[in-house]
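Q: One structure coming up, written as structure tokens, with questions to follow.
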Amino acid sequence: MRYRAGSIIRFATPVRAAAPRFAFLALLFLSAGMIILGRADAQFAERIRTTITDGFAPVLDALSRPAATLRDMVQYVHETAALRSENDRLREENERLRGWQQIARDLEAETKSLREMLNYVPPSSRQFVSARVISDSSTAYVRSVIVNVGDDQGVRKGQAAVDGNGLVGRVTEVGHRSARVLLLTDINSRIPIIIESTRYPAILMGDNSERPKLRFLPVEASPQPGERIVTSGHGGIFPPGLPVGVIATVATGEVRVLPYVNFDRLEYLRLVDFGTDAPLPSVTARSPARP
Amino acid sequence: MNNAFWQRLDRAARHVAPFVITVMLVVLNAIPLPVPDYRSIVPLIPLMAIYYWALYRPDLMPIGAVFLVGILEDVLTGAPLGLNALLFLLVHSLIRSRSRMIAGKGFAVVWIVFMLVLLGAGIVSWLVASLLYDAPIRMAPAVTQLMLTLVLYPCLAWLLIRVQRAFLANA
């Protein structure tokens, strides 16, 4: 018996010594395997991501509130300082917008009567889910944010995310109470757009810079800096006509777009359900865009 | 007996402190801050923490914990799943086997070695990301990010030294 116990110890000692080394190699291969598998089978990586993000969503939600409060305070001080000039600017803008309002009313009436003449079927109405950005989870390699709503609130993959200024990006991962929005500046982002005035289509491609570029623009389009870019609705994922940005620079073979959205200050987003797919479970939190 | 139980609980809590603090840093690092263009240059605070613990208390940061921190960082930052886990494991194993040698030579050496670690990590992650996305990724933000991380390392090290003295002096 004694002999046996000794042999076990003699056998076990090198094994115990090798165990950490083995564990290290195993975890190393596991990480490398996950990178490759994540590329080959996006579903697998997505499931892990959404599960962990869901778990941390309440923590991120709570922690991002003080940061948001701080941001509001800084903004408050800024605004108080510039109150007078801001007031003048707004009065002037208000004057101008009144004119536009009149034009919009006229056009609305005209469109309505024309539609009645043509028996036009309007596209299905849009619905929104409002979401708060709880994690600015961007690095030098990825541009995305995490929001505090998930499929419990009716969020689905592919939905467009907008804020008050324009298109922000697209929902790429959905958990039960969190979702990831891929920003339109990310290197993986491709959005079908048109130039608003000339109606030429193109694809807006992110490259992790602040100014994504236009690809597949027809040669005869001759884009001009300052022209507005809106979503085209091609592919049926995004509703047409969401404002995206303006053409910033036109160089040989490269047209860059300055988005309307300030990605440094994303706080609340609206996720737009265009209703092109299967019907969603009814959610009371959602409200139709057009009353 | 009661006393012994509390002592054991106390010791256990102290032993997981490095892991818990590192997880907290990963989560805090993902909170949106009102700094212009913060998103692309946010310093790699988790990498600093991994380096620090591998250097000074490798016994309290087992590789399983390093792996978990890496996965969490990948998930919260939206990086390719496994990339930061891989990086953290490599950094941890490289540093822990040489920790005595590096830590004994004073802070300047620690900082210079951290610079080399950052350089290596930067090259590996840039290569992996570029391969995965089938396109070379712009380097400028990554370089700024690495520089900022390097400059801020003494601040985090100072903080973690305080933590270590407060909680882990006898652990």
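The values are calculated or read from the model by the stated rules, or taken from the named source; none is laboratory data. Note that this is a predicted model, so its numbers are computed, not measured. With ideal geometry, Cβ positions are generated from the backbone for all residues, glycine too; neighbour counts draw on all protein chains shown. Note: accessible area is taken over every heavy atom of the protein model, side chains too, but ligands, DNA and RNA are not part of it. Shrake-Rupley method; radii C 1.70, N 1.55, O 1.52, S 1.80 Å.
Q: Surrounded by 24 or more Cβ atoms within 10 Å (Cβ to Cβ) and not aromatic (Phe, Trp, Tyr) - does that describe any residue in region A:211-219?
A: The answer is yes, given that some residue of region A:211-219 is surrounded by 24 or more Cβ atoms within 10 Å (Cβ to Cβ) and not aromatic (Phe, Trp, Tyr).
Q: Mind listing whichever residues of region B:125-146 are loosely packed, with under 15 Cβ neighbours inside 10 Å and either more than 11 Å from every other protein chain (Cβ to nearest Cβ) or hydrophobic (A, V, I, L, M, F, W, C) (or both)?
A: B:LEU127, B:LEU131, B:ALA135, B:MET139, B:ALA140, B:VAL143
Q: Tell me whether region B:63-79 contains one or more residues that are polar (S, T, N, Q), out of contact with any His (no Cβ under 9 Å at 6 or more places or on another chain) and within 14 Å of chain A (Cβ to nearest Cβ).
A: Looking through region B:63-79, at least one residue is polar (S, T, N, Q), out of contact with any His (no Cβ under 9 Å at 6 or more places or on another chain) and within 14 Å of chain A (Cβ to nearest Cβ).
Q: Search region A:151-186 for residues being open to solvent by 10 Å² or more (accessible area, probe 1.4 Å) and under 17 Å from A:ALA45 (Cβ atoms), and hand back the single one that is nearest to the chain's Cα centre (by Cα).
A: In this case the residue turns out to be A:LEU182.
Q: For region A:195-206, which positions are surrounded by 17 or more Cβ atoms within 10 Å (Cβ to Cβ) and either not assigned by TED's automatic domain parsing to the domain that holds A:PRO243 or not in a strand (DSSP E or B) (or both)?
A: Listed by number, the residues that qualify are A:TYR200, A:GLY206.
Q: Okay, moving on. Looking at region A:221-234, can you tell me whether even one residue there is under 21 Å from the mean Cα position of the chain (by Cα), modelled with pLDDT under 85 and assigned by TED's automatic domain parsing to the domain that holds A:PRO201?
A: There is at least one residue in region A:221-234 that is under 21 Å from the mean Cα position of the chain (by Cα), modelled with pLDDT under 85 and assigned by TED's automatic domain parsing to the domain that holds A:PRO201.
Q: A further question follows. For region B:80-99, what are the residues that are without any contact (Cβ under 8 Å) to a residue 12 or more places away in the chain and more than 7 Å from chain A (Cβ to nearest Cβ)?
A: Result: B:SER97, B:ARG98.
Q: Any residue in region A:72-83 that is closer than 18 Å to A:GLU267 by Cα and without any contact (Cβ under 8 Å) to a residue 40 or more places away in the chain sitting within a Cβ distance under 9 Å of a residue that is assigned to a helix (DSSP H, G or I) and of a type in the set (A, V, I, L, M, F, W, C)? List the pairs, counting only those 6 or more apart or interchain.
A: none
Q: Let me ask something else about it. Return the only residue of A:PHE44, A:PHE22 being more than 9 Å from chain B (Cβ to nearest Cβ), free of Cβ contacts under 8 Å to residues at least 12 places away in the same chain and out of contact with any His (no Cβ under 6 Å at 6 or more places or on another chain).
A: Sole residue among the options that is more than 9 Å from chain B (Cβ to nearest Cβ), free of Cβ contacts under 8 Å to residues at least 12 places away in the same chain and out of contact with any His (no Cβ under 6 Å at 6 or more places or on another chain): A:PHE22.
Q: Please report, ordered by residue number, the helices (runs of 4 or more DSSP H) entirely within region B:11-114 with at least 3 residues that are over 25 Å from A:ASP136 (Cα atoms), open to solvent by less than 30 Å² (accessible area, probe 1.4 Å) and modelled with pLDDT of 85 or more.
A: Helices (runs of 4 or more DSSP H) meeting the threshold: B:45-56, B:83-96.
Q: So, one more: For the condition in a loop (DSSP other than H, G, I, E, B) and within 26 Å of A:ILE146 (Cα to Cα), what is the one hit in A:GLY241, A:GLY226, A:GLY245?
A: A:GLY241
Listed here are the residues, each with its yes/no results for (1) away from chain B (no Cβ under 12 Å); (2) open to solvent by 80 Å² or more (accessible area, probe 1.4 Å); (3) more than 30 Å from B:PRO80 (Cβ to Cβ).
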site: A:ALA40; (1), (2), (3): no, yes, no
site: A:THR53; (1), (2), (3): no, no, no
site: A:HIS78; (1), (2), (3): no, yes, yes
site: A:ALA109; (1), (2), (3): yes, no, yes
